[in-house]
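**Q** First the structure, which I've put down as structure tokens, then a few questions once you've had a look.
The values are calculated or read from the model by the stated rules, or taken from the named source; none is laboratory data. Worth saying up front: this structure is predicted, and the values here are computed from it rather than measured. We place every Cβ from the backbone using ideal geometry, glycine too, and count neighbours over all the protein chains shown.
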Amino acid sequence: MFKESLAKHNLPVQLTALINDTTGTLIASHYVNPRTKIAVIFGTGCNAAYMEHVKDIPKFANLGVPPDADMAINCEWGAFDSFEHEHLPRTKYDIIVDEASNKPGEQAFEKLISGRYLGEILRLVLCELIDEGVLFLGQNTYKLEKPYCFDTAFLSLMESDPTDELLMIIGIFTHFFAIETTLAERQFFRALAKLIGRRAARLSSCGIAAIVKKMGYLEEGCAVGADGSLYNKYPGFADRVHEGLQDIFGDKGRNIVTYHAEDGSGVGSAIIAAMTKIRKDAGLYLHV
């Protein structure tokens, strides 16, 4: 269908490969830094990719692929622990987010980590306190009652507010929600934002640690190419990921270093397209 659409508009484009942003980031990051073994996306959604040994992929056992080759694996780890919910430590707010979403039960890991949901988690806490009569007394809070009205960018601004009076938080609540706040409330909001942001980062480090442990990267260490608005713009997110890795692995956790992968998906697409063309021209294209 994609090729038909390109032809319909007479575009001089040949479709060579279809990839996602995570595998693109992996290949682009490895191209720039050969120590890169893992790529992660922390933005509106979350995901990871890594290079797996073909000999350890059961589906490839009888396809004639050289066992010493490696293949990029798109983890789609945002779906980890979906439906069963046996492993992730969910709060009542996480459960509300899940049940009210357009995909209840699905993307369980992503709903604890990604930028799409962090603001909504904080909003639900505020709404509960409003209902209990301990917050914004005597004020009209109807604007806060709209799901997903509290953007995750607000948490980032709240955490980075440098003023003693937390003027940035004053601006958020007065401008977007027409609500007046006390200094004590603003201090609480910032502390709550830090809790939510820190949990997201530390859960993210658990995902990275799982791949590191599976592939045996801990001793020699590896680099992790990271992209996405949460990683790039949320204050302290990368530091908290590193903190989590050190808590999991001890001092050896310092061997796992994340770094910003500039336009990983775009550059990765170009590299993969070039590699695929070379393989097809050489008759090495695999038909599965």
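**Q** In the range 88-122, how many are in contact with a Cys (Cβ under 8 Å, 6 or more places away or on another chain), in a helix (DSSP H, G or I) and more than 13 Å from Gly197 (Cα to Cα)?
**A** Counting residues in the range 88-122 that are in contact with a Cys (Cβ under 8 Å, 6 or more places away or on another chain), in a helix (DSSP H, G or I) and more than 13 Å from Gly197 (Cα to Cα) gives 1.
**Q** Additional query: Can you find, within the range 1-31, the residue that is surrounded by the most Cβ atoms within 10 Å (Cβ to Cβ) among those that are of a type in the set (A, V, I, L, M, F, W, C), without any contact (Cβ under 8 Å) to a residue 40 or more places away in the chain and assigned to a helix (DSSP H, G or I)? Walk me through it before giving the result.
**A** The first filter runs over the range 1-31 and keeps only residues of a type in the set (A, V, I, L, M, F, W, C), leaving 1-2, 6-7, 11, 13, 15, 17-19, 26-28.
Restricting the remaining residues to those that are without any contact (Cβ under 8 Å) to a residue 40 or more places away in the chain gives 1-2, 6-7, 11, 13, 15, 18.
Narrowing further to those that are assigned to a helix (DSSP H, G or I): 2, 6-7.
On the way: Phe2: 9, Leu6: 14, Ala7: 10.
So, considering only residues that are of a type in the set (A, V, I, L, M, F, W, C), without any contact (Cβ under 8 Å) to a residue 40 or more places away in the chain and assigned to a helix (DSSP H, G or I), the one surrounded by the most Cβ atoms within 10 Å (Cβ to Cβ) is Leu6.
**Q** Give the residues of the range 247-269 that are small (Gly, Ala, Ser) and either touching an Asp or Glu at 6+ places or on another chain (Cβ under 8 Å) or surrounded by 16 or more Cβ atoms within 10 Å (Cβ to Cβ) (or both), sorted by residue number.
**A** Gly253, Ala261, Gly264, Ser265, Gly268, Ser269
**Q** Right, another one. How many residues does the range 181-208 contain that are touching a Phe, Trp or Tyr at 6+ places or on another chain (Cβ under 7 Å) and either of a type in the set (A, V, I, L, M, F, W, C) or modelled with pLDDT under 95 (or both)?
**A** The qualifying residues number 1.
**Q** On the given criteria, is Ile96 modelled with pLDDT of 95 or more and over 19 Å from the mean Cα position of the chain (by Cα)?
**A** yes
**Q** Within the range 224-258, which residues are assigned to a helix (DSSP H, G or I) and touching a residue at least 60 places away in the same chain (Cβ under 8 Å)?
**A** Those that are assigned to a helix (DSSP H, G or I) and touching a residue at least 60 places away in the same chain (Cβ under 8 Å): Ser229, Leu230, Tyr231, Lys233, Phe237.
**Q** While we're looking at this one, here's another question. Quick one: would you say Gly171 is assigned to a helix (DSSP H, G or I), modelled with pLDDT of 95 or more and in the same structural domain as Tyr231 (by TED's automatic domain parsing)? Before you say what the answer is, go through the steps one by one.
**A** Details: assigned to a helix (DSSP H, G or I): yes; modelled with pLDDT of 95 or more: yes; in the same structural domain as Tyr231 (by TED's automatic domain parsing): no.
Considered against the rule, which asks whether it is assigned to a helix (DSSP H, G or I), modelled with pLDDT of 95 or more and in the same structural domain as Tyr231 (by TED's automatic domain parsing), Gly171 comes out as no.
**Q** For residues that are touching a helix residue (DSSP H, G or I) at 6+ places or on another chain (Cβ under 6 Å) and either hydroxyl-bearing (Ser, Thr, Tyr) or part of a strand (DSSP E or B) (or both), scanning just the range 195-223, find the one that is surrounded by the fewest Cβ atoms within 10 Å (Cβ to Cβ).
**A** Going through the qualifying residues, I end up with Ser205.
**Q** Another one. Which count do you get for residues in the range 123-163 that are part of a loop (DSSP other than H, G, I, E, B) and of a type outside the set (Ser, Thr, Tyr)?
**A** Here the count works out to 16.
**Q** Could you check the range 56-82 and list, in sequence order, the residues that are more than 14 Å from Leu26 (Cβ to Cβ) and either at pLDDT 95 or above or in contact with a strand residue (DSSP E or B) (Cβ under 6 Å, 6 or more places away or on another chain) (or both)?
**A** The answer is Gly78, Ala79, Phe80, Asp81, Ser82.
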